[in-house]
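Got a structure here, written out as structure tokens. Questions coming.
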2 protein chains.
Amino acid sequence: MEKPTASPPDEQSLDRHAFVLERLSNDNHRYTTGRHRLVDALAGSSKPLTLPDIVAIAPDLAASSVYRNLEVLEQCGVVKRITSGSGHAHFELAEPLLSHHHHLVCVDCGEIEDVRLDDEVEELLDQHLNMVATDASFKPLRHNLDLQGHCEKCQDLL
Amino acid sequence: MEKPTASPPDEQSLDRHAFVLERLSNDNHRYTTGRHRLVDALAGSSKPLTLPDIVAIAPDLAASSVYRNLEVLEQCGVVKRITSGSGHAHFELAEPLLSHHHHLVCVDCGEIEDVRLDDEVEELLDQHLNMVATDASFKPLRHNLDLQGHCEKCQDLL
DNA sequence: GCAATAATGATAATGAGTCTCATTTATAAT
DNA sequence: ATTATAAATGAGACTCATTATCATTATTGC
């Protein structure tokens, strides 16, 4: 066989997998097919996914392995965990793989959507956050900003 | 006896309790001594508290009742729940009782501290968030912003 | 005071996430 | 290639924060 991959490896996914491989290797981890599939599932979605979402997309992945791998990938900086409180955590690709953005969190159904802010706003925000962090002797790593409210779907259900 | 309260009821706490009473009454709930104690515990701390924190401060409160009352108070808009992912949720008084602020979340020990941003930054942020929400047909209720990093205490442990 | 109703608290139940461990798979060395 | 070494897998047991249950107790309206 030549290359009967289900999804043709476009340039983007090549870059992505190269990046993931490097991050994993740096920490003496292997880029197994299970992890590959997990990354593909996350990359294939425009929204952050829960564990049931992931298993629904890739039913042959074992839940326990997915949880373990999400943790490994999170520590390597490949995956970001979003804990909005209601039930399951959500997961998405981390910042170098997905550009910096924030979330619209629906308080009704728990779904999460991505949004991006203007660079100038983001920059101003960062400056001020660094200021207040310094005042508190706090060493900042990253910031999270989310907007809670009602998503379009849940507004219709009224 | 006249007024042998442990903490003398200053003006602030009178206001606070009047506010809580109104919010509870509006929803046909009673402002019992247990709920009073819970509000006092939250009001007496400069940081958001976990359930173990609360029970440590007021050991005569039953955990199950505290959880139940936190939920009731949350729905009445008196308490705000903060879920940072690591173990216990944190709780603090909600916005009308505590001025608008954000959080420094320590990724090592999980402690949460309050920070306030300049009004102008906050306003600009709100404007932009409303804009992107409108674009996504999303009805915003509130925003959360937190800075993750290492708190002063945990930096010393290196 | 006397219903009617809500709150309490001890305990059981839930469920998302983690741990275990025997088996499988991938890397490294010879 | 073959083996030796180490990591990954997957099924299920387990944890533990949070919720639900329910009999008892407290509070409010009449």
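The values are calculated or read from the model by the stated rules, or taken from the named source; none is laboratory data. Source: prediction; values computed, not measured. Counting neighbours? That spans all protein chains shown, and the Cβs are built from the backbone with ideal geometry, glycine included. These accessible areas exclude ligands, DNA and RNA; they are computed on the full protein's heavy atoms, side chains included. Shrake-Rupley method; radii C 1.70, N 1.55, O 1.52, S 1.80 Å.
Show the residues, 5+ positions off or on another chain, whose built amide H is closer than 5 Å to the amide H of A:Val79.
Those qualifying (amide H under 5 Å, at least 5 residues apart or on another chain) are A:Glu74, A:Ala94.
Using a simple charge model, +1 on the beta-carbon of Lys and Arg, -1 on the beta-carbon of Asp and Glu, nothing else, what dipole does the protein assembly as shown show about its Cα centre, in debye to the nearest 20?
1420
Determine the shape class of region B:101-158: with a ≥ b ≥ c the square roots of the Cα gyration tensor eigenvalues, call it rounded for a/c under 1.5, and otherwise prolate if a/b is greater than b/c, oblate otherwise.
Since a/c reaches 1.5 and a/b is larger than b/c, the shape of region B:101-158 is classed as prolate.
Let me ask another. Leaving out ligands, DNA and RNA, calculate the buried accessible area for the pair A and B with a 1.4 Å probe, summed over both sides, in Å² to the nearest 100.
Separately minus together, A and B give about 3500 Å² buried.
Next up: Percent antiparallel among DSSP beta bridges with both residues in chain A, to the nearest 5?
Around 70 percent of the beta bridges assigned by DSSP in chain A are antiparallel ones.
State, to one decimal in nm, how far the label point of A:Asp119 lies from the label point of A:Thr33, with both points 7 Å from Cα in the Cβ direction.
4.3
Okay, moving on. Given labels modelled 7 Å from the Cα in the Cβ direction, how far is it in nm from A:Asn26 to B:Gln155?
Each label point is offset 7 Å from its Cα along the Cβ direction, giving 2.3 nm.
Kindly identify region A:7-63 as rounded, prolate or oblate by the Cα gyration tensor criterion: order the square roots of the eigenvalues as a ≥ b ≥ c, call it rounded if a/c is under 1.5, otherwise compare a/b with b/c, prolate if a/b is larger, else oblate.
Oblate is the answer for region A:7-63, as a/c is 1.5 or above yet b/c matches or exceeds a/b.
What value, in deg cm²/dmol to 500, does the helix sum -39500 (n - 2.57) over DSSP H runs of n ≥ 4 give at 222 nm once divided by the residues of chain B?
Value at 222 nm, helices only, nearest 500: -13500 deg cm²/dmol.
Still on this structure: Quick one: P(r) of the protein assembly as shown from all Cα-Cα pairs, 20 Å bins, percents rounded to integers, in order of increasing distance.
26, 55, 17, 2, 0
Which distances, in nm and shortest first, link the A:Tyr31 label point to the same label point in every other copy, taking 7 Å along Cα→Cβ?
Output for A:Tyr31: 6.1 nm, nearest copy listed first.
While we're here: Mean separation of Cα pairs under 8 Å and 6+ residues apart, divided by the residue count of region B:101-158: what relative contact order is that in percent?
Relative CO of region B:101-158 lands at 50 percent.
Measuring from a point 7 Å out along Cα→Cβ, what nm distances, shortest first, does A:Glu123 have to its partners in the other copies?
Computed spacing set for this position: 2.2 nm.
Assign unit charges at the C-beta atoms only (+1 for Lys and Arg, -1 for Asp and Glu), then state the dipole size of chain A relative to its Cα centre in Debye, rounded to the nearest 20.
820
Does region B:35-99 classify as rounded, prolate or oblate by the C-alpha gyration tensor (a ≥ b ≥ c root eigenvalues; a/c under 1.5 gives rounded; else a/b over b/c gives prolate, otherwise oblate)?
rounded
Heavy-atom accessible area per residue, the protein assembly as shown, 1.4 Å probe: how many Å²?
58
Please give the average number of partner chain Cβ atoms lying within 10 Å of the Cβ of each residue in B:133-146, rounded to a whole number.
6
Oh, and also: Leaving out ligands, DNA and RNA, and with a 1.4 Å probe, what % of the accessible surface on chain B is carbon or sulfur?
49
While we're looking at this one, here's another question. Which Cys residues of chain B have no other Cys Cβ less than 4.7 Å away and so no disulfide-compatible partner by this rule?
B:Cys76, B:Cys109, B:Cys154
Could you please report the charge total around A:Glu152, scoring K, R as +1 and D, E as -1 over all other residues with beta-carbon less than 15 angstrom from its beta-carbon?
-3
Nearest 5 is fine: what % of DSSP beta bridges in region A:99-158 come out antiparallel, could you say?
If we restrict to bridges inside region A:99-158, about 50 percent are antiparallel.
Moving to a separate point now. Consider just the alpha-carbon atoms of chain A and return their Rg together with their Dmax, both in angstrom.
17.6, 61
Let me ask something additional. Quick one: with label points 7 Å out along Cα→Cβ, list the inter-copy distances for B:Ala58 in nm, shortest first?
4.7
Using a loss threshold of 20 Å², tell me which positions in region A:65-91 are less accessible in the complex than in their chain alone. Probe radius 1.4 Å, ligands and nucleic acids ignored.
Buried by the other chains: A:Thr83, A:Gly85.
Return the distance in nm (one decimal) between the two label points of a simple spin-label model at A:Ser65 and A:Asn130, each offset 7 Å from Cα along Cα→Cβ.
4.3
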